[in-house]
1. Under a point spin-label approximation (7 Å from Cα along Cα-to-Cβ), what is the ASP125-ALA244 distance to one decimal in nm?
2. Let me check against my output: what whole-number percent is the relative contact order of the stretch 128-286, with C-alpha pairs under 8 Å and at least 6 apart?
3. Could you state the number of Å between the C-alpha centres of the stretch 176-241 and the stretch 284-340?
4. Output the relative contact order of the chain, whole-number percent, from Cα pairs under 8 angstrom with separation of 6+ residues.
5. If you place +1 on the Cβ of every Lys and Arg and -1 on the Cβ of every Asp and Glu, how big does the dipole about the Cα centre of the stretch 1-127 come out, in debye to the nearest 20?
6. Could you look at the stretch 225-345 and say what percent of its accessible area is carbon and sulfur, using a 1.4 Å probe and all protein chains?
7. Going by amide H atoms built from the backbone, whose H comes under 5 Å of the H on TRP274, apart from near neighbours?
8. Have a look at ARG213, ARG80, ARG161 and tell me which one the Gaussian network model of the chain (Cα, springs below 10 Å) gives the largest fluctuation.
Amino acid sequence: MRISSIECGRVLAILAVMTIHLSPFSNPFDPTLWDGTPYLWLGAIINQLCRFAVPLFFLCAGYFLQPALAADKPMAVALRYCRPLLGLWLVWSLVYLLVPFNPVAAMTEGYLPAMAGQWQMQLGDPLNAWWVGGMIHLWFLPALMLAVLLLALCWRVKLPRLALVAGVLLYGLALIGGSYGPLLSGGEWALLTRNGPFFSLLFVALGAELRLRGWQPDARRCALLMVAGMGLYALEAAGLLRFAAVPLNRHDFLLGSLPWALGLFGLLLANPSWGKGSWLERQAPKVLGLYCLHMMLVVWLMVFGPQGKLLWWELVKVPVLLVLSLLAYRLLAANRVSGWLLNPR
């Protein structure tokens, strides 16, 4: 089952993820580069405006998986769903652990000396590394798999709405140990609560619940819900900055993420023909592959791209990343073996 508006929304979401990772007006090698300029605030606002993306992915997963869970053995369905994702996570983790972030340094200094710092960055936090894999963005895949398995387990014991209850509790813990940690307990937990089922289960379970109820969203109400969610999110972020000095771009999710994502999802469902036949819709089958591969290009653009305070580069680097990611996808898809890296199903 494919809905044009949802397909387009997923493509916009992967573009938002790319924007978060490449971070306009932010430089990981010189975090103070844009200090004292309005562009620093602009970069943080852009970062936070893109935070609809992952909740939307999780909602879609639960919504479209629910009929299979209800019609068949739920654990078998979940395992069939997760098996290719697990393979993708393992293989891409290996790719990111073996391919040097700086190939020039690997050739001039030697492979092992050049990789030492890279491996320290990737594996230096064992508490969180096993939730993530070989590169930081791959956390999404085990988070999705765990949420799907927990949802299927609830269906298995004939308590499908138990997943919602568990999701609410885990989401609350995620906020306490994450963005709200400095305000409530003086600091964040060592365990990054974006990972695992803390963040993902509620959205996946909510998507499944909406499908179970046969939700028929009203476009106007969903638009208002989305705007209200964005407003709540902005108030939370501003309050945490004011009272706990939590940086604006620190937040992966807040309480406002729920109405924001739910309103957007409902708005797309209420307008299923949006984007029908468009270029965006045609890119939708590439979303998972683009998610997995784009981070290597992000790193290479950071290492080899223009350096310094260059306004023109900050404006064009996300479109450049998108074009390069699509080209890389096409190259990998041209070969049967490498094509498996993009879509293992």
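1. 1.7 nm
2. Numbers: 189 pairs, mean separation 34.9, N = 159.
Result for the stretch 128-286 is 22 percent.
3. Distance between centres, Cα-based: 28 Å.
4. About 27 percent, as a whole number.
5. 620 debye
6. On the way: 4260 of 6000 Å².
On the stretch 225-345, the fraction of accessible area on carbon and sulfur atoms equals 71 percent.
7. Those lying under 5 Å, H to H, from TRP274 are SER5.
8. Result for the chain, Cα springs under 10 Å: ARG213 fluctuates most.
The values are calculated or read from the model by the stated rules, or taken from the named source; none is laboratory data. Nothing here was measured: the structure is a model prediction, and the numbers come from that model. Glycine also receives a Cβ, built like all others from the backbone with ideal geometry; neighbour counts cover every protein chain displayed. For accessibility, only protein heavy atoms count, side chains too; no ligands or nucleic acids. Shrake-Rupley method; radii C 1.70, N 1.55, O 1.52, S 1.80 Å.
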